[in-house]
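Colleague: Okay, handing you the structure first.
The values are calculated or read from the model by the stated rules, or taken from the named source; none is laboratory data. Everything quoted here is computed from the prediction, not taken from an experiment. All Cβ positions, glycine included, derive from the backbone under ideal geometry; neighbour counts span all protein chains shown.
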Amino acid sequence: MNIQLPIIGTADKRYTIHPGKIIAIGLNYTSHIEESESIKVRGLNSDVPQTPVFFNKTPNVLIGPGANIVIPLCLNDYPWHQEARTDYEGELVIIMGRTGKHIGEKDALSHIYGYTCGNDVSQRNLQNSDRAGWFRGKSFDTFGPVGPCILPAGTSVNPQSLNIETRLNGKTVQSSNTSRMIFPIPRLISYLSRQITLNEGDLIFTGTPSGVGPLTPGDTVEVEIEHIGILANTVVTETLLQ
């Protein structure tokens, strides 16, 4: 899905979100690591990682501001369907502006087009039980809202010093600052680009702070990042088209 977002500081200019790949970072805030036991997801523990933990989300997850997060009907096929847990995770998202491999940390920021808000929606039961890993629990349709606009790179705003807050039905459930990332943005880009080529337009979800929790149909979840804005989405249950 292509999503067009306005660019802060420009008149009527929009950017089309159409990534070749979406990379997400896990365990990038100490506070989230400390709550890992309550989430009960395989691979999460109290150890601070020595290198970035990353995984992929597929492009079908993407939706824009105001679109619905859809809880899939297929979760009813499993014995735990009455205790199924799908969580919000508010995050800063990087949009790559230049293709690069083996990018040095000093050059990393020059490869960025801009920043936006994101919600790394996660189906915990599958994330915990799938033998193949986190892939399916992270990549259902609509499980990657982004928006509402793009903060261009290279402005006076420091992306490593932004307040980030998530609200569920108006109540603040996550509150932190991007300065608390374990692996800052230049380190993430440099590390990832040593593993795989980062292409123009790729998205990087940079990790979530503590306070993640379950979504229920009818909920409205908002991710607000300083200088960017508020990404708001409502949760619904999937319905079959007749």
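Colleague: Name the residues in the range 88-130 that are surrounded by fewer than 19 Cβ atoms within 10 Å (Cβ to Cβ), β-branched (Val, Ile, Thr) and within 30 Å of Val235 (Cβ to Cβ), would you?
Modeller: Those that are surrounded by fewer than 19 Cβ atoms within 10 Å (Cβ to Cβ), β-branched (Val, Ile, Thr) and within 30 Å of Val235 (Cβ to Cβ): none in the range 88-130.
Colleague: Residues Gly137, Gly144: which one is in contact with a helix residue (DSSP H, G or I) (Cβ under 6 Å, 6 or more places away or on another chain), within 18 Å of Ile69 (Cα to Cα), surrounded by 15 or more Cβ atoms within 10 Å (Cβ to Cβ) and free of Cβ contacts under 8 Å to residues at least 40 places away in the same chain? Working first, answer last.
Modeller: Working: Gly144 fails: free of Cβ contacts under 8 Å to residues at least 40 places away in the same chain.
Result: Gly137 is the single residue among Gly137, Gly144 that is in contact with a helix residue (DSSP H, G or I) (Cβ under 6 Å, 6 or more places away or on another chain), within 18 Å of Ile69 (Cα to Cα), surrounded by 15 or more Cβ atoms within 10 Å (Cβ to Cβ) and free of Cβ contacts under 8 Å to residues at least 40 places away in the same chain.
Colleague: Check off (1) of a type in the set (A, V, I, L, M); (2) closer than 22 Å to Ile228 by Cβ; (3) in contact (Cβ under 8 Å) with a residue 60 or more places away in the chain for Ala153 and give me the number that stays unchecked.
Modeller: (3)
Colleague: Something else: Look through Asn56, Asn128, Asn76 and report the one residue that is among the polar types (S, T, N, Q), on the phi < 0 side of the Ramachandran plot and part of a strand (DSSP E or B).
Modeller: Details: Asn128 fails: part of a strand (DSSP E or B); Asn76 fails: part of a strand (DSSP E or B).
Answer to the check: Asn56.
Colleague: Continuing with this model, one more query. Of the residues that make up the range 57-69, is at least one at pLDDT below 95, under 26 Å from Gly211 (Cα atoms) and among the β-branched types (Val, Ile, Thr)?
Modeller: No.
Colleague: Is it true that Ile189 is assigned to a strand (DSSP E or B), touching a helix residue (DSSP H, G or I) at 6+ places or on another chain (Cβ under 7 Å), within 25 Å of Val53 (Cβ to Cβ) and not small (Gly, Ala, Ser)?
Modeller: Details: assigned to a strand (DSSP E or B): no; touching a helix residue (DSSP H, G or I) at 6+ places or on another chain (Cβ under 7 Å): yes; within 25 Å of Val53 (Cβ to Cβ): yes; not small (Gly, Ala, Ser): yes.
Taking the combined requirement at face value, the residue does not satisfy it.
Colleague: Please work out which residue is surrounded by the most Cβ atoms within 10 Å (Cβ to Cβ), limiting yourself to the range 177-215 and to residues that are under 23 Å from Ile228 (Cα atoms) and of a type in the set (D, E, K, R).
Modeller: By that ranking, first place goes to Asp202.
Colleague: Pairs needed: first member in the range 71-97, within 22 Å of Ile225 (Cα to Cα); second member anywhere, at pLDDT 95 or above and among the acidic types (Asp, Glu); C-beta distance under 7 Å; at least 6 residues apart or different chains.
Modeller: Glu89/Asp120; Glu91/Asp120; Met96/Glu200; Met96/Asp202; Gly97/Glu200
Colleague: Also, quick follow-up: So, in the range 138-174, exactly how many residues are part of a strand (DSSP E or B) and either on the phi > 0 side of the Ramachandran plot or of a type in the set (D, E, K, R) (or both)?
Modeller: 4
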